[in-house]
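First the structure, in the form of structure tokens, and then the observations on it.
The values are calculated or read from the model by the stated rules, or taken from the named source; none is laboratory data. This is a predicted model, so every value here is computed, not measured. Positions of Cβ are generated from backbone atoms using ideal geometry, with glycine treated the same way; all protein chains shown enter the neighbour counts.
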């Protein structure tokens, strides 16, 4: 049985322990005015709960939970293990992380625990056990929130010892490890397990963390190991909670763009529900957060929790402009449109001190409810109270899949050669944007997902191809699937060693091409690609492609390789595979995608293109819900195909025009 949240949650992080108790009832009254129905508490309270080792004080948390319960709030109860108290650093220095430069952290900040520290694990286990025993019977606790925004790596001696054990389990013998990492290069051969050192700036890695390394196999394995160590911590806390709350969802909040250090796809298997913290930068195009929401939804192929967002400004960007009137509502509905079954803020009440005191909140420093920001929060609350239960548990059907893979993310950005500008996420976003602008639903899948449920699978820069993946792709295309890949694909195996015999390695058969070499396009320059009778600019790099059965659909039109293939199509069994040899400008890639979706018989949610964002969710009883979002300040007309639909937010027929940041939620009945 799936563990589910009982209501559509509207709320967020609440830290009443930072305020006098006589203010708490007033806070709750204000929350009620905005139809806020949930609060996430106890995220950073370890030093209050355990002021000295083994001495616990739950009196304040008891009062907080009692107050929220009496007001009939849904409670997301956190475990407080992300920020360690000062006494812990003082008594057990090994709990502190050692950074990439080899420096051990001291007390301060947060998210700086060593995942391999036995002392940290023991103390966290004891705290979580006390919390689970104390609060499991409270019916208002609807979810458990473990730790907070896991991420960051440790390079200490404890991690080095644990890493060697992890490697023994993975490779069994030193001979296998040396072969996997190709350790004859630079006389790196390992003759004893304790010769293995972590790849920090003092050893085989250099430059910014995660970007430069001598032995890519070692560095990628260390990222895998650190992700696994953190995951083991999560599983430890979850196992304790489940002993007392077996039917309550347990989650932890994912974050960042996405977080490079944590393999979310592997972690998703251990989450009862995915939760995500969304903070789009002020200059981020609207398709970027949409991509991340689709990634979060597809991690478990079910709705996710929007665990954090902001009703106003954030405090940590270099520039934090105000959200324009209506923008907050539209951006929160964007998350819901792409699969969120909650809308939660950080924070419900603005802190007086600390680094986040200028981070926006439902209750600002003024404490007033007649502000523009609060009125918009309240309007959104009224909207969600009206439609939340209709939306809840609905799904997002998609016939297009975009492959995003953490092992590729890690390995691709360690590449030394051709160009230093190989960045994984922007290249994936090039393709996501194409479908976003056409209002074509997309699942953002892992290489382990079932390809057969999709009519089109797009796998840009599929650099690392693990054993079995090429056979899976071949079978998918042979049986009628449509597959797209690009330059820098099929290059290496799971330890970052090159597949010999020519690029794109195990993808040569399905693509029907052989890539002889790749040219770096220098910054500020471009290479022309002729598509039809028009030239388009190509950047970053250009593959010199030899068709081996594939048809040439577009060719380079400048440089010494003018006239050679830049875009190919290969019939393979009952299906088709395309290979795109360069990073095309948006207009040029649009021409290729137009052709591909025509061949693959992929259709937009609406017959004509529109600047509005349109997404569809389908309820458990088959009802189609169309989210129509104007993600700009300009006015735009509703597509005529939706003109006769009913707006669930207003209870009226759909308005023919959406003002800036306007939202409509449309249904036929």
If you check residue 25 against the conditions, is it free of Cβ contacts under 8 Å to residues at least 40 places away in the same chain and in a helix (DSSP H, G or I)?
-> no
Note on region 491-514: residues under 22 Å from residue 178 (Cβ atoms) and touching a residue at least 60 places away in the same chain (Cβ under 8 Å) are 492, 494, 495, 496, 497
Residues that are in a loop (DSSP other than H, G, I, E, B) and under 17 Å from residue 433 (Cβ atoms), drawn from region 253-306 | 257, 258, 280, 281, 283, 284, 285, 286
Restricting attention to region 268-283, does a residue exist that is closer than 16 Å to residue 426 by Cα, surrounded by fewer than 18 Cβ atoms within 10 Å (Cβ to Cβ), without any contact (Cβ under 8 Å) to a residue 60 or more places away in the chain and out of contact with any helix residue (DSSP H, G or I) (no Cβ under 6 Å at 6 or more places or on another chain)?
-> yes
Go through region 74-179 and tell me which helices (runs of 4 or more DSSP H), entirely inside it, have 2 or more residues that are over 21 Å from residue 410 (Cβ atoms), in contact with a strand residue (DSSP E or B) (Cβ under 8 Å, 6 or more places away or on another chain) and in contact (Cβ under 8 Å) with a residue 40 or more places away in the chain.
-> 118-135
Is at least one residue of region 43-59 in the same structural domain as residue 135 (by TED's automatic domain parsing), crowded, with 22+ Cβ neighbours inside 10 Å, in contact with a strand residue (DSSP E or B) (Cβ under 6 Å, 6 or more places away or on another chain) and assigned to a strand (DSSP E or B)?
-> no
What is the one condition in (1) over 14 Å from residue 100 (Cβ atoms); (2) in a helix (DSSP H, G or I) that residue 223 does not satisfy?
-> (1)
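Let's see how each residue does on (1) closer than 30 Å to residue 473 by Cα; (2) in contact (Cβ under 8 Å) with a residue 60 or more places away in the chain:
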position: 581; (1), (2): yes, yes
position: 591; (1), (2): yes, yes
position: 594; (1), (2): yes, no
position: 599; (1), (2): yes, yes
position: 603; (1), (2): yes, yes
position: 616; (1), (2): yes, yes
position: 619; (1), (2): no, yes
position: 622; (1), (2): no, no
position: 626; (1), (2): no, no
Would you pick out the residues in region 515-541 that are surrounded by fewer than 16 Cβ atoms within 10 Å (Cβ to Cβ) and either touching a residue at least 60 places away in the same chain (Cβ under 8 Å) or outside any strand (DSSP E or B) (or both)?
-> 520, 522, 523, 524, 525, 532, 533
(1) buried (at least 17 other Cβ atoms within 10 Å of the Cβ); (2) over 30 Å from residue 72 (Cβ atoms); (3) under 28 Å from the mean Cα position of the chain (by Cα); (4) not assigned by TED's automatic domain parsing to the domain that holds residue 201 all hold for residue 92 apart from (3)
So which residues in region 60-73 are in a helix (DSSP H, G or I) and either out of contact with any strand residue (DSSP E or B) (no Cβ under 8 Å at 6 or more places or on another chain) or on the phi > 0 side of the Ramachandran plot (or both)?
-> 60, 62, 63, 66, 67, 70
